[in-house]
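Each remark here refers to the structure printed beneath this line.
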Amino acid sequence: MPNPLTDIRSTLLSLLKAHKTASIATLAEAVGISYEAVRSQIVQLKKEGWVAQHLDRTSPGASGRPTSLYRLTQAGENRFPKHYDTLVVHLIDAVASRLGPEDARNVLAEVAETRIRHWEPLLRGKTLDQRLALLTSIYGEDDPYMSIETSGDEVRLVERNCPYLNVALQRPMLCSVTVSILTRLLGVQVVREKRFQTGDGCCTFRILKDQPSTLAGFELEA
């Protein structure tokens, strides 16, 4: 059964998306419910970071005080459909078409180098296990979907949420970026054993702790 509160919240966000800014009175009239009902939902959406409030001093209310207007925050904007994935796929294809496969590879290599330059100072002086633990946040701070699994002497980094999945499913060469980054930063061989592209529901990277890596650049997966 649909949750009426969820429906109201979605409607309020859609109205703010369509009208850019609106007062509670305007929203209440548009939705057809009471001012207080809308106000309570807007207060909650504000607490959760979806909407922001600002004062309109050019159109004071009946009391003469500035009118409170509400708008979507960046987080609120991100709730609406975006097509970044399609754009990235087109960009990868355009580079490969205009400049050739080697330059497309060079672009991915530079992406890897940028991430490596970010991570190297954070990992400097750390043991392999410490570096591996830190790299569970390679896609985002405190990433709950990346974990370390150990079985005897075997160690695997398991990725359950690929932030680039829609692009990676169409252009698997993008995944070589992650493998190269992990190999370079850990200093040992890294092999991807499971992958989203083959229906495994995750990507699993086996860390070969006893096999030092000499990789100094970017390498496409076989």
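The values are calculated or read from the model by the stated rules, or taken from the named source; none is laboratory data. Treat the numbers as computed from the prediction; the structure is a model and nothing was measured. Backbone-built Cβ (ideal geometry, glycine too); neighbour counts: all protein chains shown.
Here are the numbers for this structure:
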{"quantity": "Scope segment 185-215; condition free of Cβ contacts under 8 Å to residues at least 24 places away in the same chain, assigned to a loop (DSSP other than H, G, I, E, B) and over 17 Å from residue 159 (Cα atoms); matching residues", "calculated": "214"}
{"quantity": "Residue among 147, 180 that alone is in the same structural domain as residue 208 (by TED's automatic domain parsing), at pLDDT 90 or above and touching a helix residue (DSSP H, G or I) at 6+ places or on another chain (Cβ under 6 Å)", "calculated": "180"}
{"quantity": "Qualifying residue in segment 169-180 (condition: surrounded by 17 or more Cβ atoms within 10 Å (Cβ to Cβ), touching a Cys at 6+ places or on another chain (Cβ under 8 Å), aliphatic (A, V, I, L, M) and more than 23 Å from residue 125 (Cα to Cα))", "calculated": "no"}
{"quantity": "Single match in 58, 11, 26 (criterion: at pLDDT 90 or above and more than 33 Å from the chain's Cα centre (by Cα))", "calculated": "26"}
{"quantity": "Count - residues of segment 97-128 that are part of a loop (DSSP other than H, G, I, E, B) and surrounded by fewer than 12 Cβ atoms within 10 Å (Cβ to Cβ)", "calculated": "4"}
{"quantity": "Qualifying residue in segment 140-158 (condition: under 17 Å from residue 109 (Cα atoms), in contact (Cβ under 8 Å) with a residue 40 or more places away in the chain and surrounded by 14 or more Cβ atoms within 10 Å (Cβ to Cβ))", "calculated": "no"}
{"quantity": "Segment 129-154, residues that are hydrophobic (A, V, I, L, M, F, W, C) and either touching a Lys or Arg at 6+ places or on another chain (Cβ under 6 Å) or part of a loop (DSSP other than H, G, I, E, B) (or both)", "calculated": "138"}
{"quantity": "Residues being touching a strand residue (DSSP E or B) at 6+ places or on another chain (Cβ under 9 Å) and not aliphatic (A, V, I, L, M) - total across segment 144-154", "calculated": "6"}
{"quantity": "Flag if residue 121 is within 27 Å of residue 96 (Cα to Cα) and without any contact (Cβ under 8 Å) to a residue 40 or more places away in the chain", "calculated": "no"}
{"quantity": "Flag for residue 94 being assigned by TED's automatic domain parsing to the domain that holds residue 171 and surrounded by 12 or more Cβ atoms within 10 Å (Cβ to Cβ)", "calculated": "no"}
{"quantity": "Conditions (1) touching a Phe, Trp or Tyr at 6+ places or on another chain (Cβ under 8 Å); (2) outside the structural domain of residue 117 (by TED's automatic domain parsing): number failed by residue 169", "calculated": "(2)"}
